[in-house]
Amino acid sequence: ILGNYKNNVRLFPRLLNKIVNKENIILDSNDGILINPIPVNNAADCIINSISLNESNTINVAGKEIISLRKIIEIFSKEVSIKPKIVVNKINNKNLVADISKMENLLYPKFSNFNKCLTNFVKNNLK
């Protein structure tokens, strides 16, 4: 989930801090893993919509856009005008892309533009 965090242990703040501090970022392949993160406000809407369900369900809550870690790093780097220090390990990585078909059918989610959310994240976290 992409949101504003009070600490730097989550993925997005850690990546941003590593870029700003010019630290190595290790990817397990050229592009890193693929993920489909969701902005916190979109996730909250899904939770609210789930209250009206008449039965118990297990539903993946994730974003519609699939994005690589490298692409996230590139967006962050562009926003802060700092070239990232990426180190690539040549190992097979496991992508973390959730099947959101059940979420789409039952929760009618709103999907924000994830690239715009990433740029807003940088602006909000570099104050």
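The values are calculated or read from the model by the stated rules, or taken from the named source; none is laboratory data. These figures come from a predicted structure and were not determined experimentally. Neighbour counts are summed over all protein chains in view; Cβ atoms, including those assigned to glycine, are modelled from backbone coordinates with ideal geometry. Side chains included, ligands, DNA and RNA excluded: accessible areas come from the protein's heavy atoms. Shrake-Rupley method; radii C 1.70, N 1.55, O 1.52, S 1.80 Å.
Report, by residue number, each residue of the range 41-90 that is without any contact (Cβ under 8 Å) to a residue 24 or more places away in the chain and closer than 18 Å to Leu16 by Cβ. Glu74, Lys78, Ser81, Lys83 - these are the residues of the range 41-90 that are without any contact (Cβ under 8 Å) to a residue 24 or more places away in the chain and closer than 18 Å to Leu16 by Cβ.
Looking across the range 13-40, the residues that are open to solvent by 60 Å² or more (accessible area, probe 1.4 Å) and without any contact (Cβ under 8 Å) to a residue 60 or more places away in the chain come down to Arg14, Asn21, Asn30, Asp31, Val40.
Answer yes or no: is there a residue in the range 4-12 that is open to solvent by 20 Å² or more (accessible area, probe 1.4 Å), touching a strand residue (DSSP E or B) at 6+ places or on another chain (Cβ under 7 Å) and touching a residue at least 60 places away in the same chain (Cβ under 8 Å). Checked against the condition, which is being open to solvent by 20 Å² or more (accessible area, probe 1.4 Å), touching a strand residue (DSSP E or B) at 6+ places or on another chain (Cβ under 7 Å) and touching a residue at least 60 places away in the same chain (Cβ under 8 Å), the range 4-12 yields no hits at all. Checking each residue in the range 99-127 for being surrounded by 11 or more Cβ atoms within 10 Å (Cβ to Cβ), farther than 27 Å from Phe76 by Cβ and either of a type in the set (Gly, Ala, Ser) or in contact with a helix residue (DSSP H, G or I) (Cβ under 7 Å, 6 or more places away or on another chain) (or both) picks out only Leu107. If the condition is being of a type in the set (A, V, I, L, M, F, W, C) and farther than 30 Å from Ile47 by Cβ, then the range 1-37 contributes Ile19, Val20, Ile25, Ile26, Leu27. For the range 107-125, filtering for residues that are closer than 25 Å to Val9 by Cβ and part of a helix (DSSP H, G or I) leaves 12. Surrounded by fewer than 16 Cβ atoms within 10 Å (Cβ to Cβ) and not in a loop (DSSP other than H, G, I, E, B), is that true of Lys83? So Lys83 fails the test. Residues of the range 44-89 that are more than 30 Å from Asn24 (Cβ to Cβ) and in contact with a Pro (Cβ under 9 Å, 6 or more places away or on another chain): Asp45, Cys46, Asn49, Val61, Lys64.
Among the residues of the range 20-40, which ones are of a type in the set (A, V, I, L, M) and either in a strand (DSSP E or B) or under 16 Å from the mean Cα position of the chain (by Cα) (or both)? Correct list: Ile25, Ile26, Leu27, Ile33, Leu34, Ile35, Ile38, Val40. When the range 66-78 is filtered for residues that are open to solvent by 70 Å² or more (accessible area, probe 1.4 Å) and closer than 15 Å to Thr119 by Cβ, the ones remaining, listed by number, are Lys71, Glu74, Lys78. Note on the range 94-106: residues that are part of a loop (DSSP other than H, G, I, E, B) and either among the small types (Gly, Ala, Ser) or within 16 Å of Phe12 (Cα to Cα) (or both) total 1. Within the range 41-55, if we keep just the residues that are not in a helix (DSSP H, G or I) and not hydroxyl-bearing (Ser, Thr, Tyr), the residue that is most open to solvent (accessible area, probe 1.4 Å) turns out to be Asn54.
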